[in-house]
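Bear in mind that the values in this text are calculations on the coordinates, not laboratory data. Small disclaimer: the values here were computed from a predicted structure and weren't measured. Cβ coordinates were reconstructed from backbone atoms using ideal geometry, including for glycine residues, and neighbour counts include every protein chain displayed.
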Number of protein chains: 2
Amino acid sequence: MTRNGGVESPSPRPRIHQTHPHDTPHFHSTVSERKLRRFNYLIFIFRLAAFCFALSAVVFMIATKSGSPRWYDFGAFRFVIAANVIVTLYSLFEMVASAWEISRGSTIFPECWQVWFDFGHDQVFAYLLLSADSAGTEMARQLRGIATCNAFCIQSDISVALGFAGFLFLMISSLLSGFRVVSFILNGSRFHV
Amino acid sequence: MTRNGGVESPSPRPRIHQTHPHDTPHFHSTVSERKLRRFNYLIFIFRLAAFCFALSAVVFMIATKSGSPRWYDFGAFRFVIAANVIVTLYSLFEMVASAWEISRGSTIFPECWQVWFDFGHDQVFAYLLLSADSAGTEMARQLRGIATCNAFCIQSDISVALGFAGFLFLMISSLLSGFRVVSFILNGSRFHV
């Protein structure tokens, strides 16, 4: 098979090539557009879940009664708070970007930037959140040995668990945005059919 | 553009479609084959690096003088050892698989299984190793406060640092094998041009 022989490919599914991804939505085939829309809804839902879990992790960790130990007394819990705040803000931004893409059919940044931005930040923040929550788990385990730790221990346990749930959704988002990146590299468009 | 209009696509690079990915290497174009070979060498190097770092992390953690605290006295360090042993064995297997693919031009398992197996295990073990090393870092930080901790502290610090280096290479491998998975989904072959 020569290098120019790509036309007669008996590929299992017929594939649609968008000539200009930046065109108005009228130029996309309806099948492709419907699939992309479903994909974007899926991403939006995972972003929303990550946002909710990260936000509640922050709230649970911060809201402590006076008199008990506070989160800023422990390095690991400071790390947990920082990572969850970052993920909360990032998820909020990505929800806006996703809603923008669903409603207008185009990305906020140019398409090439957008797919790499999403994927890179998803990866880094997923690893960051997992790292923070692992350190927080170890810290919470150590705290158990201290006699004065009662309500704060339970709160920090819940906060770390919520952080892990947020990590799970962020990890799935990173898989989806990774798919978009490779789809963009291979086909020159984030559309995939 | 209709659904059947995919022939006249002015895609930036001409693309080669392998009709049967399981055919002998004679049927692959030379350009595609050379690129795949370079890709496989790259994967092999990252596997080798992950193997070396994970193995030395295990060795550094285990080799302690008698009389000092041992790694199995601490839950977090048991986790570090377990994760590094798993990554060592997995990297060894993947090195064999990669060498097999370079020398024979075909995967050990059927191609579909192989790409998903690689990617899934890369992801899970990368997250596992990062989690273990984060918990180990927190434990090592706590150990600093104890007066009896001298040589063991330094050894565990080095071991955790080596584990982080191993994680880095495993993470890059997971990106590469993720690329192979999406390439397989989109083009029906792990070959990409």
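Annotations for the structure displayed:
- If you take all other residues with their beta carbon under 14 Å from the beta carbon of A:GLY163, and give Lys and Arg +1 and Asp and Glu -1, the sum is -2.
- Peptide B:177-184 has a mean of 4 when you count, residue by residue, the C-beta atoms of other protein chains within 10 Å of its C-beta.
- Residue by residue, region B:154-163 carries 3J(HN,Hα) couplings of 5, 4, 5, 4, 4, 4, 5, 5, 4, x Hz when phi is fed to the Karplus relation 6.51 cos²θ - 1.76 cosθ + 1.60 (θ = phi - 60°); x denotes Gly or Pro.
- Take each residue of peptide B:138-146, count the partner chain Cβ atoms within 10 Å of its Cβ, and average: the result is 3.
- For A:ARG144, inter-copy separations between label points set 7 Å beyond Cα along the Cβ vector come to 2.5 nm, shortest first.
- Legend: calculated FRET efficiency, B:LEU42 to B:ILE158, from the Cβ-Cβ distance at R0 = 35 Å, rounded to 0.05, equals 0.80.
- Partner chain coverage, peptide A:164-171 - average Cβ within 10 angstrom: 1
- The mean sequence distance of close C-alpha pairs (under 8 Å, at least 6 residues apart), as a share of the length of region A:28-187, puts its relative contact order at 37 percent.
- Amide H within-cut-off set for B:ARG70, under 5 Å, with H built and near neighbours excluded: none
- Over region B:55-172, the Kirkwood radius and the radius of gyration, each from Cα atoms, give a ratio Rg/Rh of 1.10.
- A:ARG141-A:LEU89 FRET efficiency (beta carbon distance; Förster radius 35 Å; 0.05 resolution): 0.75
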